[in-house]
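Contents: one structure, followed by commentary.
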Amino acid sequence: MADPTGFLKQPRKDAPKRPVAERLGDWREVYADQDPACRDKQVREQASRCMDCGIPFCHSVSAGCPLGNLIPEWNDLVRQGDWALAGERLHATNNFPEFTGRLCPAPCESACVLAITPDAGGAVTIKRVENTIADVAWERGDVKPQVSTVSSGRSVAVVGSGPAGLAAAQQLTRAGHDVTVYERDDRLGGLLRYGIPEFKMEKRVLDRRLAQLRAEGTRFVTGCEVGVDLTVEQLRERHAAVVLAVGALRGRDAPEVPGRDLRGVHLATDHLVPANKQVEGDGPTPIDARGKHVVIIGGGDTGADCYGTATRQGAVSVTQLDQYPRPPETRDDEVSPWPVWPWILRTYPAHEESGTRRFAVAVERFVGDSDGNLTSVQLREVEVRRIDGIRQVVPVTDDVHVLPADMVLLAIGFEGVEHMPLLGALGLSLTPRGTLSCGPDWQTAPGVFVCGDAHRGASLVVWAIAEGRSVAHAVDTYLTGASELPSPVHPTALPLMVR
């Protein structure tokens, strides 16, 4: 039993960050390196705030963690200082806790009982505890390859090496199947590699996990676009089952805005991918913010990634625009009651470093010079309304605001799976949401399974891993008739929300 009064004795303390000036001088993760003994002591104190609630909403699939992470259990093990067993319990439900501990926005914390009222001092720092457990496990050498002692004699192809594909591949390899992961990029990891900036997760974290997968027997083929470099006929001939984990990378554009074709207006991923490649040592990025006034359109995670990247590249100014009004600092129970994901102002580390954010505004026009180069953007104050059930952005004033801009980054979401030859060759079509549908057994076509963003649409890393684990169970069942692999989510599972 955890300490039921721990939250009364210990205030919430998040992980310390490096000074802003230091962070802006490199691409390392923003969090400070701590002496292991000091870190472990602090995290044990934070874990003691967990009360082991009778109904732990934190690991509820609908309200908290879709992986079903056994949060109260490993919190109490950390409180007791049993890091080895805490690591075992964490890895029992999560293949890659060092990914989620760094990248997940932690719906588990929003669903924590201590998040019901500010009087409780805030939710347990679940994300910090999880990340520390994972890091300690690696430091102690507790993370080892788990090589299957049996072989099914069946071969599985996984198309895509993002978190969903890697989770499915690891589970199926451990179940004794012969798994090959096909990745069209030159390096493995999908968005973990080229979408997530280094300052959020250093790629050494990804590389050491890939080394574990290789040691377990998973094979990887890079620079191979299935449907082009490898035909579907060849894929079917080599493999008894196929898992599509191709992501939802088709970025939403704004072709209706006058001036969209000016030089200097880019999709967010067109900025992030080459920036990450430059950090990998591939040479200068063609889309560099150095010396430029940068305007980022979109207030979500991708926008924040562009924000921190542009700042580190040496932008003169960075301004992030959001069509919606500025959210409140604390949860409004009338709008998003506990335990649903709250509508509140989310300040990322990048926002603490430089630049400004503007709310309830939209770009009316991109303005350029006679040579077709972007020079500024024209803004109007707006309000987002539902008119006859259709979302519309409505100007609320005739005043036009002008911002200098040499670079605009469109971070306004994703429209779904990219149009690729593979889909047509498999006879698959996209849903109106741009995703691939599937049945209750995760099959989108006979012997072809889908998981992650390709099925769900652009979502959280924790949902991708959960779907990867679940599709592995379905593939194992398809190949052998039964499976003991876990299946944390159903294809129709949705997070609890208020509309």
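Of all residues in segment 204-215, those being open to solvent by 10 Å² or more (accessible area, probe 1.4 Å) and either touching a Gly at 6+ places or on another chain (Cβ under 9 Å) or free of Cβ contacts under 8 Å to residues at least 60 places away in the same chain (or both) number 4. Take the conditions in a loop (DSSP other than H, G, I, E, B), touching a Lys or Arg at 6+ places or on another chain (Cβ under 7 Å) and among the small types (Gly, Ala, Ser) and apply them to ALA248. Does it pass? No, not satisfied.
Tally up the residues in segment 1-30 that are under 16 Å from LYS200 (Cα atoms) and among the hydrophobic types (A, V, I, L, M, F, W, C), please. Outline the logic, then answer.
Going residue by residue through segment 1-30, those that are under 16 Å from LYS200 (Cα atoms) are 14-20, 22-30.
The next check asks that each one be among the hydrophobic types (A, V, I, L, M, F, W, C); those that pass are 15, 20, 24, 27, 30.
Within segment 1-30, residues that are under 16 Å from LYS200 (Cα atoms) and among the hydrophobic types (A, V, I, L, M, F, W, C) number 5.
Taking (1) farther than 27 Å from VAL461 by Cβ; (2) in contact (Cβ under 8 Å) with a residue 60 or more places away in the chain in turn, THR311 satisfies each apart from (1). Filtering segment 49-73 to residues that are without any contact (Cβ under 8 Å) to a residue 60 or more places away in the chain and more than 23 Å from the chain's Cα centre (by Cα) leaves ASP52, GLY54, ILE55, PRO56, GLU73.
Exactly one residue among GLY68, GLY87 is at pLDDT below 95, closer than 20 Å to ALA2 by Cα and open to solvent by less than 30 Å² (accessible area, probe 1.4 Å), and that residue is GLY68.
Of GLY299, GLY264, GLY259, all but one fail to be modelled with pLDDT under 95 and touching a strand residue (DSSP E or B) at 6+ places or on another chain (Cβ under 7 Å); the exception is GLY299. Within segment 118-135, being crowded, with 22+ Cβ neighbours inside 10 Å, hydrophobic (A, V, I, L, M, F, W, C) and in a helix (DSSP H, G or I) holds for ILE126, VAL129, ILE133, ALA134. When segment 1-34 is filtered for residues that are of a type in the set (A, V, I, L, M, F, W, C), open to solvent by 60 Å² or more (accessible area, probe 1.4 Å), assigned to a loop (DSSP other than H, G, I, E, B) and over 24 Å from LEU70 (Cα atoms), only TRP27 remains. Restricting ALA115, ALA111 to those that are under 23 Å from the mean Cα position of the chain (by Cα) and open to solvent by 20 Å² or more (accessible area, probe 1.4 Å) reduces the list to ALA115.
Just to be sure I understand, how many residues within segment 35-59 are open to solvent by 50 Å² or more (accessible area, probe 1.4 Å), part of a loop (DSSP other than H, G, I, E, B) and either modelled with pLDDT of 95 or more or at positive phi (or both)? Qualifying residue count, segment 35-59: 2. Is one or more of the residues making up segment 333-353 part of a strand (DSSP E or B) and not aliphatic (A, V, I, L, M)? Within segment 333-353, not a single residue is part of a strand (DSSP E or B) and not aliphatic (A, V, I, L, M). When the residues of segment 416-468 are narrowed to those that are touching a Gly at 6+ places or on another chain (Cβ under 7 Å), open to solvent by less than 20 Å² (accessible area, probe 1.4 Å) and part of a helix (DSSP H, G or I), which ends up farthest from PHE96 (Cα to Cα)? Going through the qualifying residues, I end up with LEU422. Looking at segment 264-290 only, could you name the residues that are of a type in the set (Gly, Ala, Ser) and either assigned to a helix (DSSP H, G or I) or in contact (Cβ under 8 Å) with a residue 60 or more places away in the chain (or both)? Result: GLY264, ALA268, ALA275, ALA289. GLN234 meets each of the listed conditions (1) more than 19 Å from ASP135 (Cα to Cα); (2) open to solvent by less than 50 Å² (accessible area, probe 1.4 Å); (3) of a type outside the set (Gly, Ala, Ser) apart from (2).
If the condition is being closer than 30 Å to PHE199 by Cα, more than 23 Å from the chain's Cα centre (by Cα) and open to solvent by 60 Å² or more (accessible area, probe 1.4 Å), then segment 336-374 contributes THR356, ARG358.
Just wondering, is there one or more residues in segment 139-155 that are part of a helix (DSSP H, G or I), over 26 Å from TRP442 (Cα atoms) and under 23 Å from the mean Cα position of the chain (by Cα)? Steps first, answer last, please.
Of all residues in segment 139-155, those part of a helix (DSSP H, G or I) come to 139-140.
From what is left, the residues that are over 26 Å from TRP442 (Cα atoms) are 139-140.
With the extra rule that they be under 23 Å from the mean Cα position of the chain (by Cα), the set shrinks to none.
No, there is no match, as no residue in segment 139-155 is part of a helix (DSSP H, G or I), over 26 Å from TRP442 (Cα atoms) and under 23 Å from the mean Cα position of the chain (by Cα).
Keeping to segment 168-211, report how many residues are out of contact with any strand residue (DSSP E or B) (no Cβ under 8 Å at 6 or more places or on another chain) and in a helix (DSSP H, G or I). Of the residues in segment 168-211, 15 are out of contact with any strand residue (DSSP E or B) (no Cβ under 8 Å at 6 or more places or on another chain) and in a helix (DSSP H, G or I). Can PHE220 be described as aromatic (Phe, Trp, Tyr) and not in a loop (DSSP other than H, G, I, E, B)? Considered against the rule, which asks whether it is aromatic (Phe, Trp, Tyr) and not in a loop (DSSP other than H, G, I, E, B), PHE220 comes out as yes.
Take the conditions β-branched (Val, Ile, Thr), open to solvent by less than 60 Å² (accessible area, probe 1.4 Å), on the phi < 0 side of the Ramachandran plot and touching a Phe, Trp or Tyr at 6+ places or on another chain (Cβ under 7 Å) and apply them to VAL294. Does it pass?
Working: β-branched (Val, Ile, Thr): yes; open to solvent by less than 60 Å² (accessible area, probe 1.4 Å): yes; on the phi < 0 side of the Ramachandran plot: yes; touching a Phe, Trp or Tyr at 6+ places or on another chain (Cβ under 7 Å): no.
For VAL294, the condition - β-branched (Val, Ile, Thr), open to solvent by less than 60 Å² (accessible area, probe 1.4 Å), on the phi < 0 side of the Ramachandran plot and touching a Phe, Trp or Tyr at 6+ places or on another chain (Cβ under 7 Å) - is not met.
Determine, yes or no, whether SER151 is of a type in the set (S, T, N, Q), open to solvent by less than 30 Å² (accessible area, probe 1.4 Å), touching a strand residue (DSSP E or B) at 6+ places or on another chain (Cβ under 8 Å) and under 30 Å from ARG236 (Cβ atoms). Quick ask: steps written out before the conclusion?
Working: of a type in the set (S, T, N, Q): yes; open to solvent by less than 30 Å² (accessible area, probe 1.4 Å): no; touching a strand residue (DSSP E or B) at 6+ places or on another chain (Cβ under 8 Å): yes; under 30 Å from ARG236 (Cβ atoms): yes.
No; evaluated as a whole, the condition is false for this residue.
The values are calculated or read from the model by the stated rules, or taken from the named source; none is laboratory data. Bear in mind the structure is a predicted one, so any value in this text is a computation, not a measurement. A quick note on method: Cβ atoms are made from the backbone with ideal geometry, for glycine too, and the neighbour counts reach across all protein chains shown. Ligands, DNA and RNA are excluded from the accessible area calculation, which covers all protein heavy atoms including side chains. Shrake-Rupley method; radii C 1.70, N 1.55, O 1.52, S 1.80 Å.
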